[in-house]
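Single-structure report; data block below.
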Amino acid sequence: MAASGIAGAGLTLLNRFSSSASSSSTRCRTRSLTMAVSTDQKPKTTEKLTLRKSEEAFAAAKELMPGGVNSPVRAFKSVGGQPIIIDSVKGSRMWDIDGNEYIDYVGSWGPAIIGHADDQVLAALGETMKKGTSFGAPCLLENTLAEMVIAAVPSIEMVRFVNSGTEACMGALRLARAFTGKEKIIKFEGCYHGHADPFLVKAGSGVATLGLPDSPGVPKAATNETLTAPFNDFAAVEKIFEDNKGEIAVVFLEPVVGNAGFITPKPDFLSSLRKITKENNALLVFDEVMTGFRLSYGGAQEYFGITPDITTLGKIIGGGLPVGAYGGRRDIMETVAPAGPMYQAGTLSGNPLAMTAGIQTLKRIKEAGTYEYLDNITGELVQGIVEAGKKAGHAICGGHINGMFGFFFTEGPVYNFTDAKKSDTAKFAKFFWGMLAEGVYLAPSQFEAGFTSLAHTSDDIKKTIAAAERVFREI
């Protein structure tokens with residue numbers, strides 16, 4: 001489970017890789033590009049993509065929903081043009097309503113680690129649906145998934161299921177403040193922990209993608225106790241603790257950043273955070289909504305060997321259905337109602353369908369060889385893309401850890417969001433559209449991580465690298 005030489009060392013250039021993986025000349029099928037995209041972003045590709053139905057559907061959507069979408073990054077704002085409208089998914093593939101087929105490296109933003117619409121998951125969901133879709137009462141499936149999560153994640157002795165990563169992070173923050181009796185928090189620039197008010201300070205994900213300032217509608221009082229530092233800058237964290245002695249409740253972070261692009265921690269960064277929080281009676285929270293069960297079965301904390309006090313989860317533990325969770329040490333979690341005084345509730349929490357999909361997904365990824373396979377295919381993918389870019393004369397760096405990856409259009413290395421913002425986002429937009437025309441669906445933002453799955457094949461990777469070679473020559 002190597003990390004392309006970048007685990008704990010920031011994003012480094014991948015000069016050492018051979019070009020054998022990127023020599024395939026296999027072409028995805030011919031397409032026709034009719035969609036309106038700004039000419040300064042669209043590559044002069046000979047492959048074409050027909051998106052007439054997507055254009056019509058999105059035009060209608062903009063009259064019905066803000067920006068035509070239900071989550072901002074889906075709107076393609078940072079790459080120009082408009083989103084494709086998806087009709088169906090299966091395995092490593094997705095199809096839009098115009099019938100175009102794509103190799104998918106977004107994976108529903110992370111949950112699809114075993115591939116889309118897995119037959120075993122669908123069969124289990126069918127059996128569960130026969131009993132009902134929502135109970136609003138305890139069910140045995142909650143026990144089963146809770147036992148699996150507790151057995152897997154080192155920091156979790158008790159867990160509370162919720163309905164999204166945002167909700168999980170909201171609950172974890174309130175819990176940390178309730179348990180410590182303190183209010184100030186430290187978060188890191190470019191890290192995204194959902195859209196709760198205290199977190200929308202120098203946030204990542206759609207906030208970074210759209211270049212938005214701290215969100216309107218968030219009162220100053222909600223963020224007065226939110227202190228920020230650059231990711232990987234432990235000296236800045238030390239200074240905050242020194243300036244706020246006895247006042248810090250929690251240090252909250254993505255142990256591997258995925259919402260400002262893919263950024264790994266420097267050696268000793270996570271262990272230093274663990275040490276300083278213990279010394280100052282503060283809690284350490286790992287937001288593993290993205291990295292949980294993806295970097296390893298026990299998440300980033302197992303991969304790096306650093307155990308936080310509280311962990312947030314989502315995505316994979318719901319197998320593609322809406323879910324979130326937060327968990328930690330028993331003494332901390334017993335603060336949560338009804339065991340303790342910190343209130344949090346949810347109508348659909350522990351929903352039987354989400355529990356079922358999560359159980360089936362975790363069973364699959366626990367099988368021997370899962371993370372070795374993800375490491376191999378993802379390493380080949382990143383090596384091939386970075387090599388192809390460099391061969392064509394582009395500044396690019398990239399890396400991966402098992403089934404999570406990213407690359408930046410800059411020489412690198414990238415250690416934090418400031419480094420990430422040095423990327424050539426206009427060039428990324430051209431690359432994105434070129435790859436889309438070749439039948440490859442990447443995240444529509446330079447500032448988002450990518451994901452592979454057990455359904456991706458060596459042939460998928462070779463086709464993707466061959467497509468990247470062609471696109472890099474054109475942009």
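The values are calculated or read from the model by the stated rules, or taken from the named source; none is laboratory data. All values reported here derive from a predicted model rather than from experimental measurement. FYI the Cβ positions are ideal-geometry reconstructions off the backbone, even for glycines, and counts take in every protein chain you see. Side chains are part of the model used for accessible areas, which takes the heavy atoms of the whole protein and leaves out ligands, DNA and RNA. Shrake-Rupley method; radii C 1.70, N 1.55, O 1.52, S 1.80 Å.
Hey, could you check the stretch 160-189 for residues that are over 27 Å from S71 (Cα atoms) and of a type in the set (A, V, I, L, M) and say which is least open to solvent (accessible area, probe 1.4 Å)? Result: A176. Residues in the stretch 137-159 that are of a type outside the set (A, V, I, L, M) and either under 17 Å from V289 (Cα atoms) or open to solvent by 70 Å² or more (accessible area, probe 1.4 Å) (or both): P138, N143, E147, P154, S155, E157. When the stretch 328-341 is filtered for residues that are part of a helix (DSSP H, G or I), touching a strand residue (DSSP E or B) at 6+ places or on another chain (Cβ under 6 Å) and surrounded by fewer than 19 Cβ atoms within 10 Å (Cβ to Cβ), only R330 remains.
Any residue at all in the stretch 285-306 that's crowded, with 19+ Cβ neighbours inside 10 Å, more than 18 Å from L175 (Cβ to Cβ) and polar (S, T, N, Q)? Looking for residues that are crowded, with 19+ Cβ neighbours inside 10 Å, more than 18 Å from L175 (Cβ to Cβ) and polar (S, T, N, Q), one finds at least one in the stretch 285-306, hence yes.
Of all residues in the stretch 365-387, those satisfying the criterion of being open to solvent by less than 10 Å² (accessible area, probe 1.4 Å), in contact with a Leu (Cβ under 8 Å, 6 or more places away or on another chain) and either closer than 24 Å to R470 by Cβ or aromatic (F, W, Y) (or both) are V382, V386. Scanning the stretch 89-100 for residues that are among the acidic types (D, E) and either surrounded by fewer than 20 Cβ atoms within 10 Å (Cβ to Cβ) or in contact with a Lys or Arg (Cβ under 6 Å, 6 or more places away or on another chain) (or both) turns up just one, D98. When the stretch 88-100 is limited to residues that are part of a loop (DSSP other than H, G, I, E, B) and touching an Asp or Glu at 6+ places or on another chain (Cβ under 7 Å), the one that is nearest to G403 (Cα to Cα) turns out to be S92.
For the stretch 342-353, the count of residues that are more than 23 Å from E157 (Cβ to Cβ), crowded, with 21+ Cβ neighbours inside 10 Å and under 19 Å from the mean Cα position of the chain (by Cα) is zero. Highlighted here are the helices (runs of 4 or more DSSP H) found entirely within the stretch 387-475 that include at least 2 residues which are in contact with a Lys or Arg (Cβ under 6 Å, 6 or more places away or on another chain) and of a type in the set (A, V, I, L, M, F, W, C): 425-437. The helices (runs of 4 or more DSSP H) falling completely within the stretch 170-274 that include 3 or more residues that are at pLDDT below 95 map to 206-209, 220-223. Just to be sure before I move on: is K131 in a strand (DSSP E or B) and either among the β-branched types (V, I, T) or open to solvent by 20 Å² or more (accessible area, probe 1.4 Å) (or both) in the structure I sent? Against the criterion (in a strand (DSSP E or B) and either among the β-branched types (V, I, T) or open to solvent by 20 Å² or more (accessible area, probe 1.4 Å) (or both)), K131 does not qualify. Filter the stretch 283-299 down to the residues that are touching a residue at least 60 places away in the same chain (Cβ under 8 Å), out of contact with any Gly (no Cβ under 6 Å at 6 or more places or on another chain) and not in a loop (DSSP other than H, G, I, E, B) and list them by number. Once the filter is applied, which keeps residues that are touching a residue at least 60 places away in the same chain (Cβ under 8 Å), out of contact with any Gly (no Cβ under 6 Å at 6 or more places or on another chain) and not in a loop (DSSP other than H, G, I, E, B), the stretch 283-299 yields L283, V285, F286, D287.
Selection of the stretch 101-128 for residues being surrounded by 21 or more Cβ atoms within 10 Å (Cβ to Cβ), assigned to a loop (DSSP other than H, G, I, E, B) and β-branched (V, I, T) yields I113, I114. Looking only at the stretch 79-87, decide whether some residue is assigned to a helix (DSSP H, G or I), at pLDDT 90 or above and of a type outside the set (S, T, N, Q). Scanning the stretch 79-87 turns up no residue that is assigned to a helix (DSSP H, G or I), at pLDDT 90 or above and of a type outside the set (S, T, N, Q). Of all residues in the stretch 339-367, those that are more than 17 Å from K131 (Cβ to Cβ) have Cβ atoms under 7 Å from Cβ atoms of residues that are aliphatic (A, V, I, L, M) and part of a loop (DSSP other than H, G, I, E, B), 6 or more apart or on another chain, in Y343/A337; Q344/A337; T361/I113; T361/I114; R364/I114; I365/I113; I365/I114.
Within the set V256, V250, the sole residue that is touching a strand residue (DSSP E or B) at 6+ places or on another chain (Cβ under 6 Å), buried (at least 24 other Cβ atoms within 10 Å of the Cβ) and of a type in the set (A, V, I, L, M, F, W, C) turns out to be V250. Number of residues in the stretch 307-318 that are open to solvent by 20 Å² or more (accessible area, probe 1.4 Å) and assigned to a loop (DSSP other than H, G, I, E, B): the value is 1. Taking the stated definitions as given, is T356 under 14 Å from L145 (Cβ atoms), assigned to a helix (DSSP H, G or I) and under 20 Å from the mean Cα position of the chain (by Cα)? Spelling it out, it is not the case that T356 is under 14 Å from L145 (Cβ atoms), assigned to a helix (DSSP H, G or I) and under 20 Å from the mean Cα position of the chain (by Cα).
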